[in-house]
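Novice: Below is one structure. I have some questions about it.
The values are calculated or read from the model by the stated rules, or taken from the named source; none is laboratory data. Every value quoted in this text rests on a predicted model; they were computed, and no experiment measured them. Note: ideal-geometry Cβ built from the backbone for every residue, glycine included; neighbour counts use all protein chains shown.
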Amino acid sequence: MKNIAGKTVFITGAASGIGLALTKRFTQANANVVMADNNADTLTVAAATVTGNTATVVCDVANSRSLKSAADAAIAAFGNIHVIINNAGVSTAGKPGNVPLEDWRWLMDVNLMGVVHGVETFLPILRKQGEGGYFINTASMAGHLPAEGMGPYNASKFAVVGYSETLAKELAEENIGVSILCPAWVKTGIADAYKNRPSGTGGQNEARGQHLAVEAVANGIDADLVADWTYDCMMARRLYIFTHPHYHSLLDQRKALIDADAAACAADPRFAKSSG
C-alpha cells in the first residue's frame, strides 16, 4: 500500500477507542472511511467528531449477513473497497469453570468470527476488483502472552493471530497484505464490554478480574498513538503491529520455554525416526 489517498477503508468497532482513532488517522491521510459499529447512537456521535470523507453503517460483526449488508452499503457510498480493518472486540473475565458457555460463544462470535466474517465478506470483493488490498485484524498482546483470569479473551486473540498468519501466507501472491494489531493496554472502553455478556452474571472472581482490567486500561497508552503506529506499519507492510516494547522480554521468555520443550522432544530417542 503505497498511497492511501482516495482509497476506501472499512473499519469495524469504529465508534470508539482504537476504531475511532483509526478512522481519524486514515481520514487525515485523505482516505474515505466507512465507520461500522453495532451502536447507532454512539456511531452518530463519533462520526460528528471526524473531519474528512466518512460514511456510517450499523452492523453486528457476529452476524455474517449484517456484515454483508454493511459491505454493500460501503460500496454504494464510495465504490471499491481497499482496506478492511476487523477491529471490533469484547472482553470478559473469569476463572476456568466459572465462565458461562453462552459468554464464551458471545465473545468468540465477536472477537474471532467477527474477523472471519470480515475476511470472508470482503475477500471476494477484493478479488473481483483486482486491485489488491489489505486486511488489518485486531488481536492483542493477549494473543501471544496469556493473562490469568482471561481465558476466553486469550483464546480468541490467539486464534486471530494464527488465522491472520495463515492469511498472510495465502494472500501474498494476490497482492493482498495482512497485518495483525497486537496492542497491550490502551485507553479504550474494552474493559466495560463485559456488561453486555449474555449471562449477565458477575461473581467475585469476574468482578475482580474486570476491576483489574479497568485499572490497567485507564493507565494504558492513547488510542491515537496506536492508530498512528498502525498506519505506519501498514504502509511498511509489517505482519505484527506491536505497541508496547516492554512486553518483548516476555515474548523471549515464552520462546525460551518452547525451545526447551522442543529440544527435550528432539533429544528423546523415541522420536529419532520421526526426525529423518
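Novice: Kindly indicate whether any position in region 61-82 is modelled with pLDDT of 95 or more, within 21 Å of the chain's Cα centre (by Cα) and among the acidic types (Asp, Glu). Explain how you work it out, then say what you get.
Specialist: Taking region 61-82 and keeping what is modelled with pLDDT of 95 or more, we get 61-82.
Then keep just the ones that are within 21 Å of the chain's Cα centre (by Cα); that gives 61-71, 74, 81-82.
With among the acidic types (Asp, Glu) added as a condition, the list becomes none.
No, the conditions are met nowhere in region 61-82.
Novice: Restricting attention to region 157-189, which residues are farther than 20 Å from His117 by Cα and under 11 Å from the mean Cα position of the chain (by Cα)?
Specialist: Pro183
Novice: Return yes or no: is Asp72 of a type in the set (D, E, K, R), at negative phi and surrounded by 21 or more Cβ atoms within 10 Å (Cβ to Cβ)? Don't jump to the end; show me each part of the working.
Specialist: Working: of a type in the set (D, E, K, R): yes; at negative phi: yes; surrounded by 21 or more Cβ atoms within 10 Å (Cβ to Cβ): no.
In short, no.
Novice: For region 95-108, does any single residue satisfy the condition of being within 16 Å of the chain's Cα centre (by Cα) and surrounded by fewer than 23 Cβ atoms within 10 Å (Cβ to Cβ)?
Specialist: Scanning region 95-108, I find at least one residue that is within 16 Å of the chain's Cα centre (by Cα) and surrounded by fewer than 23 Cβ atoms within 10 Å (Cβ to Cβ), so the answer is yes.
Novice: Quickly run through region 123-146 and pick out the residues that are polar (S, T, N, Q) and part of a helix (DSSP H, G or I). Steps first, answer last, please.
Specialist: Step one: list which residues in region 123-146 are polar (S, T, N, Q), which gives 129, 137-138, 140.
Passing the criteria: only Gln129.
Novice: Further, regarding this structure: Taking Lys2 and the conditions (1) within 26 Å of Gly130 (Cβ to Cβ); (2) modelled with pLDDT of 95 or more; (3) of a type outside the set (A, V, I, L, M), which numbered condition does it fall short on, given that it satisfies the others?
Specialist: (2) is the only condition that Lys2 fails.
Novice: Do we find a residue being surrounded by 24 or more Cβ atoms within 10 Å (Cβ to Cβ), among the aliphatic types (A, V, I, L, M) and under 17 Å from Gly189 (Cβ atoms) anywhere in region 26-40?
Specialist: yes
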